[in-house]
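Where a number appears in this text, it was derived from the coordinates with a stated rule and is not lab data. The structure displayed is predicted, hence computed values, not measured ones. In this analysis, Cβ positions are derived from the backbone assuming ideal geometry, glycine residues included, and neighbour counts consider all displayed protein chains.
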Amino acid sequence: MKRANVVPVLETSRLRLRPLSMADTAAVFEIHSDPETLKYWGHDQMTSIEQAEDLIRGNMEWVDSGMAVYWAMERRERPGLIGTCTLFKMDHQNRHAEVGYILNRSCWGQGFMTEALATMIDYAFTTLDLHRLEADTDPRNANSIALLKKFGFRQEGYFRERWFVHGQWLDSDMLGLLRSEYDPPPIAGSAGTGS
């Protein structure tokens, strides 16, 4: 498995996935302070810009350690972060990682996350030579689960009251995808990777 200490720029016809930077702080805060966007997320909504700064710094440290790849997602024709997508909890020996993603609510329903996930999965299996991808989801998040299943992710486990978030115990739906099972769906607007 190749270690990814440098985050590459990946492109589709509509999107650019690029390294996250401190210049993205305001956009990250906008996403993570929205209660509707954070409804199924693993932490409470942010209440200060400093929390967004801390999140970005922490993500950069994970990238530097070789344990994660974090991308800022933006439109190619209009720079500015609209979401993030991630390969994290990388296990180099066993060649697997977890996928994560979040999108500004103003961009929901436009197919952006489908496009970004297609590019990220391709990078994980081809460039990083991963064997397996995993996703830990809130079972109430039907849209996210449907998106993962579009790419061939299968439900592999259900953990009751696994996380304490938003003042309540939440269940966890675990999905997995093996490289040997991956058959990319046709994605409108997909243009592969760039440098």
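Couple of notes before you dig in:
- The reciprocal of the average 1/r between distinct C-alpha atoms defines the Kirkwood hydrodynamic radius, which for the range 2-112 equals 14.5 Å.
- Counted by neighbouring Cβ atoms within 10 Å, the residues 108, 62, 169, 71 run from fewest to most as 169, 108, 62, 71.
- Built amide H within the under 5 Å cut-off of residue 162, gap 5+: 170, 171, 172
- Kirkwood-based shape ratio for the range 42-95, expressed as Rg/Rh from alpha carbons: 1.04
- Average silhouette area of the range 10-181, convex hull of alpha-carbon atoms, in square nanometres: 9.8 nm²
- Residue of 28, 165, 63 that the Gaussian network model of the chain assigns the largest fluctuation, springs spanning Cα pairs under 10 Å: 165
- Based on C-alpha pairs under 8 angstrom that are at least 6 apart in sequence, the chain has a relative contact order of 24 percent.
- Entry note, the chain: the mean residue ellipticity at 222 nm calculated from DSSP H runs of n ≥ 4, each adding -39500 (n - 2.57), is -7000 deg cm²/dmol after division by the residues and rounding to the nearest 500.
- Using the Karplus relation 6.51 cos²θ - 1.76 cosθ + 1.60 with θ = phi - 60°, the per-residue 3J(HN,Hα) values for the range 127-134 come to 6, 7, 6, 6, 9, 8, 10, 10 Hz, with x marking Gly and Pro.
- Residue order, fewest to most surrounding Cβ atoms within 10 angstrom, among 174, 120: 174, 120
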